[in-house]
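> Pasting in a structure now, in structure tokens, and then I'll have a few things to ask.
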Amino acid sequence: MHRYFIKTPWLARVLFPSFLWRVNTKQKEVYLTFDDGPHEVVTPWVLDQLKQYNARATFFCIGKNVVAHPDIYDRILAEGHAVGNHTHNHMNGWKVTTQEYIGDVSKASKFIHSNLFRPPYGKIKLSQSRQISSAMHLQKARIVMWDVLSADFDLSISAEQCLQNVLQHYTQGSVIVFHDSEKAFTHLKYTLPLVLKHLHSRGYTCRNIEYVR
Ligand SMILES: [Zn+2]
């Protein structure tokens, strides 16, 4: 038994209705997201894959990785993708104080210019979520969760299972999570090209999460 849900339970969506779980759309479109980059090898590889299908995605970047790879961060934006804040040090909101958490989000916001925020591990306290906008120096930030987890980070499953996690659970408007990280690359190398090919063959468009400012 895994310690995570591939498909987000409806209860989570009901309890946190202000978070974005899935885009409400009647179009054949999905929202691929990539967390934890930029990574010097994995992120350029992901960008090359997306380019082949003219697909757009959203990259939830870790602040310290943007500091380490500013050129890759610039490439993400130059190629029409969106970025989001994923804290500066990949903090688990449940394990730190609200003050610490907000300080880390604020630090990342100096390097990541976006109104989108995704909490690492999907773990955030209500008190933290209420202060995200001010931490990002915005009127209104948008907290983006997901409705399909590829579980590309889980090396105890096969790459084929990772692929099926996505293909069997996505629907119109799904927000799908991948990781442009070294750990996930093992599964991503196999899964991402096949996901893109599948979506293309079904007439789906991959879009980025638009800014709501
Ligand atoms: Zn993460």
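The values are calculated or read from the model by the stated rules, or taken from the named source; none is laboratory data. Just so you know, these numbers come straight off a predicted model, no measurement behind them. Every residue, glycine among them, receives a Cβ derived from its backbone with ideal geometry; neighbour counts consider all protein chains shown. Surface accessibility is based on the protein's heavy atoms, side chains included, excluding ligands, DNA and RNA. Shrake-Rupley method; radii C 1.70, N 1.55, O 1.52, S 1.80 Å.
Conditions (1) open to solvent by less than 10 Å² (accessible area, probe 1.4 Å); (2) within 14 Å of residue 30 (Cα to Cα), marked per residue:
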site	(1), (2)
140	no, no
146	no, yes
150	yes, yes
153	no, no
158	no, no
162	yes, no
166	yes, yes
169	no, yes
176	yes, yes
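> Take the residues in segment 1-34 that are farther than 20 Å from residue 118 by Cα and part of a loop (DSSP other than H, G, I, E, B), then tell me which one is farthest from the ligand (Cβ to nearest atom).
It comes out as 26.
> Within segment 56-80, count every residue that is buried (at least 22 other Cβ atoms within 10 Å of the Cβ) and not in a helix (DSSP H, G or I).
Selection size over segment 56-80: 6.
> Considering only segment 35-44, how many residues are more than 10 Å from the ligand (Cβ to nearest atom) and either free of Cβ contacts under 8 Å to residues at least 40 places away in the same chain or not in a helix (DSSP H, G or I) (or both)?
5
> Ok, one more. With (1) within 16 Å of residue 179 (Cβ to Cβ); (2) within 16 Å of the ligand (Cβ to nearest atom) as the list, and residue 68 as the residue in question, which single condition is left unmet?
For residue 68, the exception is condition (1).
> Next up: Does segment 17-44 hold any residues that are among the small types (Gly, Ala, Ser) and open to solvent by 20 Å² or more (accessible area, probe 1.4 Å), and which are they?
Matches in segment 17-44: 18 only.
> Taking only pairs six or more apart or across chains, which ones have beta-carbon atoms under 7 Å, a first residue in segment 115-133 that is without any contact (Cβ under 8 Å) to a residue 24 or more places away in the chain, and a second residue that is open to solvent by 30 Å² or more (accessible area, probe 1.4 Å) and of a type in the set (Lys, Arg)?
133/140
> Where in segment 89-145 are the helices (runs of 4 or more DSSP H), entirely inside, with at least 3 residues that are touching a Ser or Thr at 6+ places or on another chain (Cβ under 8 Å) and within 16 Å of the ligand (Cβ to nearest atom)?
Filter on segment 89-145 gives 98-108.
> For residue 162, state whether it is more than 16 Å from the ligand (Cβ to nearest atom) and under 22 Å from residue 80 (Cβ atoms).
no
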